[in-house]
Amino acid sequence: MDRPTVCLDDEQIEMFHRTGYLVLPAITTPEEVERLQSVYDQLFATKAGRAQGDHLDLVTTDEDDQTPVLPQILNPSKYAPALVDTQLRANAEAIARQLLGPEAYFAGDHAILKPPHTPASTPWHQDEAYAQPEWDYNYINFWAPLQEATLENGCMQFVPGSHRQEVLPHRPIGNDPRVIGLEVDEPERVAAGAVACPIPAGGATIHHGRTLHYTGPNQSNQPRRAYIMIFETPRKPRATPREFPWLAIQRTKWQERSAAAQGDKA
Ligand code: NI
């Protein structure tokens, strides 16, 4: 594993806890970004993880014969070990320990590709809306674009302070239970005061599991590649029960493929 080369200062740590997000202009080198780009593109070109239930389309009904609009790969490092031993991962892990404490561990990764001229946004949501309601979570996400991220190609946007709220009511995108992606109810109201965070290649944003975030359409003629790493502390059973009805109503092709893949393993 590479040795960490970056470290947050007190002001950045305070800013993260206050706003629920942080912008890092450099967490790896442009050279590493270039290397990871080709690994990333290969994963999407081959639809890695499709049979295992790790490849999906976030915003459509995700039929097998469809070209995905907003393709996502879960656990890409399982299919591309080159994603593991990186400066990016080493730095993210060191920073995660600064923000969450020494117990923080790598909990998984995923990748969201926005092909050139994709009109679809990744709508406003809190990541914890996708999690299991029985557990209490404490986790952060590193969102590392593998090229520059701009307003034009769909950089990250956050609502400062939104991580202090509970998980808000969500729904499947377009209210279609066949779609895996979620969006928060009343986005215009809850996302007031959002801040767009363009970053150069080699940078990353960090957000808490409850921070409201969004990325816009990709209006550029290049792909917008986002590689996401999750770090968490051990989860605990929740004392006060809660329900996420938006998950209970979902009936997606992705669930079918994951269940079939689980069955194959059994
Ligand atoms: Ni998210």
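No value in this document is a laboratory result; all are computed from the given coordinates. Values in this document were obtained by computation on a predicted structure and should not be read as measured data. Neighbour counts run over all protein chains shown; Cβ positions are idealised from the backbone, glycine included.
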Check cross-link reach from Lys253 to the aspartates and glutamates: straight Cα distance under 20 Å, and skip same-chain residues fewer than eight apart. Asp54, Asp57, Asp62, Glu63, Asp64, Asp65, Asp176, Glu183, Asp264
Under the 7 Å Cα-to-Cβ spin-label approximation, Val195 and Ala26 lie apart by a distance in nanometres of 2.2
Rounded to the nearest 500 deg cm²/dmol, what is the calculated helix-only ellipticity per residue at 222 nm for the chain, with -39500 (n - 2.57) per DSSP H run of length n ≥ 4? -7000 deg cm²/dmol
Label model pair Glu63, Thr240: point-to-point distance (7 angstrom along the Cα→beta-carbon line) in nm is 4.5
Output the DSSP H helices from the chain with an along-axis C-alpha extent of no less than 27 Å and a mean Kyte-Doolittle hydropathy no less than 1.6. none
Report the local net charge at Thr60: Lys and Arg +1, Asp and Glu -1, summed over other residues whose C-beta lies under 11 Å from its C-beta. -2
Let me know the whole percent of all Cα-Cα pairs from the range 53-145 that are separated by more than 15 Å. 70
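Net charge near Arg225, counting Lys/Arg +1 and Asp/Glu -1 over other residues with Cβ under 15 Å of its Cβ?
-3
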What is the ratio of the Cα radius of gyration of the chain to 2.2 N^0.38 Å, where N is its residue count, to two decimals? 0.96
Please give me, ordered by residue number, the trypsin sites (Lys or Arg not before Pro) of the range 175-246 that lie in loop per DSSP and have at most 13 other Cβ atoms within 10 Å. Arg238, Arg242
Can you give me the C-alpha center-to-center distance between the range 1-77 and the range 110-174, rounded to a whole angstrom? 12
Please arrange His110, His170 by counting, for each residue, the other beta carbons lying within 10 Å of its beta carbon, fewest first. His110, His170
When the chain is treated as a GNM, springs tying every alpha-carbon pair under 10 Å, which of His17, His207, His55 comes out with the largest mean-square fluctuation? His17
